[in-house]
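Please treat every number below as a calculation from the coordinates, not as lab data. What you are looking at is a predicted structure, and each value in this text was computed from that prediction instead of being measured. Note that each Cβ is placed from the backbone with ideal geometry, even for glycine, and that neighbours are counted across all protein chains shown.
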Amino acid sequence: MKRLLTIAGSDSGGGAGIQADLKTFHQFGCYGMSVLTAVTAQNSLGVHGIETLPPEFVALQLESVVTDFGVDGAKMGMLANVDIVRALAARMRALEIPHLVVDPVMRAKGGDSLLADDAQQALCDEIIPLAEIVTPNLPEAEILAGFEIRSKDDMRRAARVIHENGARNVLVKGGHRAEDATDIFFDGENFTELFAERIESGNTHGTGCTYSAAIAANLALGQDMADAVAVAKRFVTAAIRESLPLGRGIGPLNHFVSINHSR
């Protein structure tokens, strides 16, 4: 059984963060482990509080898991602040974790900040170069690339800039587009569009977490990058289509959907 690690914050509502990642790992038949960076008090209506963990303790969690169980792939989400970013980057360079997928989480679905402003540059400088793939949504891609994204051509240009800044592969997600949910995947040489129809659903909490966790699982399972992204795209689309109307705000995806895990 493949061993998958999520490095992220806890979502008390269960729809995003480590909870979404562990559900996704399980759905792909992988053994999930976790390194918590922060604990949030949140529900479908928003984030009501955040408590970050001490950076040295976050790094200790990472070392404890990797040096005993071993890791076949990892997904990194909410990192919260610059000290946690730097502590994790130092340990990850030493531990040489394979198949690292970085979801550069900066804001929650409702707009609440999940990454301090002074940590954004540290994320770019110290974490993104360690990643096998980086998976920003459009607002995150605008921050990482440094310009506004209005079209698919802009998405391609942003992917190229993020690649030039150290990411080996880039997936710019188009879920915030008004037209459709087409994503742009760039492997450093070629661009691929991953089309999905826009599903009218108010229950999309945890989409980015689920997508990146599914990519990590498929990489660990031996898929090449293009296939891992394609399977993850179909999984997250199905999870949105069958999403759960829980809570009074933005509900979660349905992580228990079944799909054909081949491309």
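Would you check if there is a residue in the stretch 95-116 being surrounded by fewer than 19 Cβ atoms within 10 Å (Cβ to Cβ), part of a strand (DSSP E or B) and without any contact (Cβ under 8 Å) to a residue 40 or more places away in the chain? The answer is yes, given that some residue of the stretch 95-116 is surrounded by fewer than 19 Cβ atoms within 10 Å (Cβ to Cβ), part of a strand (DSSP E or B) and without any contact (Cβ under 8 Å) to a residue 40 or more places away in the chain. Does Ala226 qualify as being closer than 18 Å to Val134 by Cα, within 18 Å of the chain's Cα centre (by Cα) and crowded, with 16+ Cβ neighbours inside 10 Å? Against the criterion (closer than 18 Å to Val134 by Cα, within 18 Å of the chain's Cα centre (by Cα) and crowded, with 16+ Cβ neighbours inside 10 Å), Ala226 does not qualify. Of all the residues in the stretch 65-81, those that are touching a residue at least 40 places away in the same chain (Cβ under 8 Å), in a loop (DSSP other than H, G, I, E, B) and in contact with a helix residue (DSSP H, G or I) (Cβ under 8 Å, 6 or more places away or on another chain) number 5. Listed by first and then second residue, the pairs linking a residue in the stretch 23-42 that is of a type in the set (Lys, Arg) to a residue that is in a loop (DSSP other than H, G, I, E, B), with Cβ atoms under 8 Å apart and 6 or more places separating them unless they lie on different chains, are Lys23/His255; Lys23/Phe256.
Residue-by-condition table, conditions (1) surrounded by fewer than 22 Cβ atoms within 10 Å (Cβ to Cβ); (2) of a type in the set (D, E, K, R); (3) touching a residue at least 12 places away in the same chain (Cβ under 8 Å); (4) under 24 Å from Gln27 (Cα atoms):
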{"residue": "Asp187", "(1), (2), (3), (4)": "yes, yes, yes, no"}
{"residue": "Ala196", "(1), (2), (3), (4)": "yes, no, yes, yes"}
{"residue": "Ile199", "(1), (2), (3), (4)": "yes, no, yes, yes"}
{"residue": "Thr210", "(1), (2), (3), (4)": "no, no, yes, yes"}
{"residue": "Ala216", "(1), (2), (3), (4)": "no, no, yes, yes"}
{"residue": "Ala220", "(1), (2), (3), (4)": "no, no, yes, yes"}
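Flag: Ile50 matches the condition of being surrounded by fewer than 21 Cβ atoms within 10 Å (Cβ to Cβ) and under 30 Å from Arg248 (Cα atoms). Only a single criterion out of (1) over 27 Å from Lys2 (Cβ atoms); (2) free of Cβ contacts under 8 Å to residues at least 24 places away in the same chain is not satisfied by Thr182, namely (2).
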